[in-house]
1. Which whole-Hz couplings ³J(HN,Hα) result when phi for each residue of the range 82-89 is put into the Karplus expression 6.51 cos²θ - 1.76 cosθ + 1.60, θ = phi - 60°, listed in order with x for Gly and Pro?
2. Quick one: length gained pulling THR111 to SER57 fully straight, 0.36 nm per residue minus the C-alpha distance?
3. Report the accessible area of GLU89, computed with a 1.4 Å probe over the heavy atoms of all protein chains in place, in Å² rounded to the nearest 10.
4. Can you list, bin by bin at 10 Å, the percent of alpha carbon pairs in the range 63-112, starting at 0?
5. Quick one: with all protein chains in place, what share of the accessible area of the range 19-114 is carbon or sulfur, to the nearest percent (1.4 Å probe)?
6. Quick one: work out the % antiparallel among DSSP beta bridges in the chain, nearest 5.
7. Report the net charge of residues surrounding GLN39, where surrounding means a beta-carbon distance below 15 angstrom and charges are Lys +1, Arg +1, Asp -1, Glu -1.
8. Each label point is 7 Å from the Cα along the Cα-to-Cβ direction; what then is the distance between the points at SER17 and ARG67, in nm?
Amino acid sequence: QVQLVESGGGLVKPGGSLRHSCAASGFTFRSYSMSWYRQVPGKERVLVAAIGSDGGSTNYADSVKGRFTISRDNAKKTVYLQMNSLKPEDTAVYYCRELGQGNWGQGTQVTVSS
């Protein structure tokens, strides 16, 4: 049974930082690309960042390039999203997703507000 358990959301002021973690189990983590999406009420989930199975390739939405960094630790079966220079428009529920079967984490709320 695939499980993706996220942690690290919360309330942060503009310009602040947060780090999301997503711990995976139930599949061969090192074999699959991983990703982070986000969703605001009334809109579809959109891709924020993705990382290849060995961590050697990454890609980002234009809106977060230069501010967010995706990384992974295959030994710990965990993918991370470091978010810096946060803006109010980054407020959303953030989800991790494995790109093999497309399973989702439970989502964590990030609110950027002064």
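The values are calculated or read from the model by the stated rules, or taken from the named source; none is laboratory data. None of the values given here were measured: they were computed from a predicted structure. FYI the Cβ positions are ideal-geometry reconstructions off the backbone, even for glycines, and counts take in every protein chain you see. Just so you know, the surface numbers come from the protein's heavy atoms only, side chains and all, with ligands and any DNA or RNA stripped out. Shrake-Rupley method; radii C 1.70, N 1.55, O 1.52, S 1.80 Å.
1. The phi angles translate into 8, 10, 10, 6, 5, 10, x, 6 Hz.
2. Here the segment from THR111 to SER57 would lengthen by 16.6 nm.
3. For GLU89, the solvent-accessible surface is approximately 120 Å².
4. P(r) for the range 63-112, in whole percents per bin: 21, 50, 27, 2.
5. Carbon with sulfur: 43 percent of the solvent-accessible area.
6. 90
7. Spelling it out: positives minus negatives among the neighbours equals 0.
8. Distance between the two pseudo-spin positions: 1.5 nm.
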